[in-house]
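A short write-up of the structure that comes next.
The values are calculated or read from the model by the stated rules, or taken from the named source; none is laboratory data. These numbers were taken from a predicted model, which means no experiment stands behind them. When we count neighbours, we look across all protein chains shown, and the Cβ atoms used for this are built from the backbone with ideal geometry, even at glycine.
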Amino acid sequence: MTKLQHRIPHGVRVLLLVLLLALLFLFASCAPMAKGTDGATLSVSEVQPGVFVHTGALEDWVPSNGGDVSNMVFVVGSRCVAVIDTGGTPALGQAWLNTVRQHSSLPVCYVINTHTHPDHLLGNVAFAQGVSPAPQFVASARYAATMSAREPYYRNALERDFGIRLTHADIVYPTLTVERNLDLDLGGRSLHLQAWPVAHTDNDLTVLDQRTRTLIASDLLFVQQLPALDGQLRGWLCAMAALRDLSVATVVPGHGPVRNDWPAAMDAQADYLTGLLRDTRAALHKGLGLQQAVDRITVPSDAHWALVEQFQRRNVTAAYAELEWDDDDPSSRAEASACAARLGRN
């Protein structure tokens with residue numbers, strides 16, 4: 001026993017030891033995600049046979065949650081695995097790759113990016129560098145142009161907020177693009193990919209596992225978290241109308257819990273977006289300016305959406321900019337025809 005130990009009462013020494021062990025446990029449990037340690041894995045649920053989902057937190061993309069705020073999916077065939085979205089940081093992508101390997105020894109043949117938001121794609125680098133042979137990276141044909149424009153801002157935000165520095169070489173672009181539709185064979189199961197006209201973003205892509213009728217809708221569907229508009233409001237409503245026609249048993253939204261009540265799973269989002277369209281048009285017809293509209297158009301208090309403070313004002317701003325010079329009746333035949341034309345249904 002040292003002289004210092006003689007000076008510290010036994011009870012205090014025990015308390016200090018307990019605190020030290022608690023800190024070591026906390027560090028051990030958090031360090032893998034924070035530092036991208038190779039062994040970290042993520043929790044998953046097998047929502048249908050061979051379809052595994054990790055559900056992200058209903059929070060904004062911030063360091064406190066490690067960027068783990070979007071849903072990610074992998075689908076296992078008899079030949080290979082397809083990964084749909086890779087998370088909001090390289091460390092999260094590595095943990096996702098570890099999780100895939102934990103559940104299947106088959107190679108990852110496809111990494112599918114559903115759109116160009118950072119919480120869905122910054123984990124790509126783990127799959128580009130950690131998988132051999134390298135998988136095909138699949139996205140909408142519009143993805144690359146949008147990603148090229150936004151890449152500097154994403155890398156800057158990641159370094160500024162998360163302390164993670166990425167180079168241009170760490171940002172993975174598609175090697176296989178989807179103009180409208182594409183089927184991918186995983187061996188014994190086929191994934192049907194559909195690229196959409198401008199909706200949530202200008203490069204949305206959905207994935208339908210035809211064996212189990214599981215739709216990976218990504219951010220074309222938000223559940224419990226307020227939908228975030230980064231594309232075209234009318235286009236999004238148009239896409240949702242088309243999605244309702246699909247035969248779906250299980251739907252995986254981009255944010256929020258998996259649902260098995262299609263198409264009712266879309267009802268809350270449809271109500272919100274329809275209300276945003278109606279209220280924004282009403283504000284314009286009254287001659288309200290942008291700031292007045294942003295201040296007055298609110299979310300009903302009984303809607304119970306998460307992240308209203310983060311996204312509602314942005315949504316109103318985007319809707320106002322889209323509709324400012326548009327005076328179409330929302331129920332008009334012209335608008336319905338335009339919706340059908342955008343989807344190639346004429």
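Among residues of the range 287-323 being in a loop (DSSP other than H, G, I, E, B) and polar (S, T, N, Q), the one that is modelled with the highest pLDDT is THR298.
Every residue, every condition in (1) part of a helix (DSSP H, G or I); (2) touching a helix residue (DSSP H, G or I) at 6+ places or on another chain (Cβ under 9 Å); (3) modelled with pLDDT of 95 or more, yes or no:
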{"site": "LEU15", "(1), (2), (3)": "yes, no, no"}
{"site": "LEU21", "(1), (2), (3)": "yes, no, no"}
{"site": "LEU24", "(1), (2), (3)": "yes, no, no"}
{"site": "VAL73", "(1), (2), (3)": "no, no, yes"}
{"site": "ARG79", "(1), (2), (3)": "no, no, yes"}
{"site": "GLY87", "(1), (2), (3)": "no, yes, yes"}
{"site": "LEU92", "(1), (2), (3)": "yes, yes, yes"}
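Among the residues of the range 238-245, not a single one is small (Gly, Ala, Ser) and without any contact (Cβ under 8 Å) to a residue 24 or more places away in the chain.
Those strands (runs of 3 or more DSSP E) of the range 157-216 in which at least 1 residues are surrounded by fewer than 19 Cβ atoms within 10 Å (Cβ to Cβ) and modelled with pLDDT of 95 or more, considering only elements entirely within it, cover 176-178, 181-185, 190-195. Considering ARG189, ARG165, ARG155, ARG160, the condition of being over 24 Å from VAL125 (Cα atoms) and among the charged types (D, E, K, R) is satisfied by ARG189 alone. Restricting the range 26-55 to residues that are of a type in the set (S, T, N, Q) and either in contact with a strand residue (DSSP E or B) (Cβ under 8 Å, 6 or more places away or on another chain) or surrounded by fewer than 12 Cβ atoms within 10 Å (Cβ to Cβ) (or both) leaves a set whose member that is modelled with the lowest pLDDT is SER29. Restricting attention to the range 251-286, the residues that are part of a helix (DSSP H, G or I), farther than 28 Å from HIS54 by Cβ, out of contact with any Asp or Glu (no Cβ under 9 Å at 6 or more places or on another chain) and not polar (S, T, N, Q) total 7.
Among the candidates HIS200, HIS168, HIS192, the residue that is farther than 27 Å from ALA91 by Cα, in the same structural domain as LEU243 (by TED's automatic domain parsing) and not aromatic (Phe, Trp, Tyr) is uniquely HIS192.
Could you list all residues from the range 56-93 that are of a type in the set (Ser, Thr, Tyr) and surrounded by fewer than 22 Cβ atoms within 10 Å (Cβ to Cβ)?
Of all residues in the range 56-93, those of a type in the set (Ser, Thr, Tyr) come to 64, 70, 78, 86, 89.
Within the range 56-93, SER64, SER78 qualify.
Taking the conditions (1) surrounded by fewer than 21 Cβ atoms within 10 Å (Cβ to Cβ); (2) in a strand (DSSP E or B) in turn, ALA139 satisfies each one other than (1).
Kindly evaluate LEU237 against the criterion of being of a type outside the set (Val, Ile, Thr) and part of a strand (DSSP E or B). No: the conditions fail for LEU237. Summed over the range 235-263, residues that are closer than 24 Å to LEU277 by Cα, touching a strand residue (DSSP E or B) at 6+ places or on another chain (Cβ under 7 Å) and crowded, with 24+ Cβ neighbours inside 10 Å total 4. Of the candidates PRO133, PRO107, PRO90, the single residue that is over 26 Å from GLN224 (Cα atoms) and within 16 Å of the chain's Cα centre (by Cα) is PRO90.
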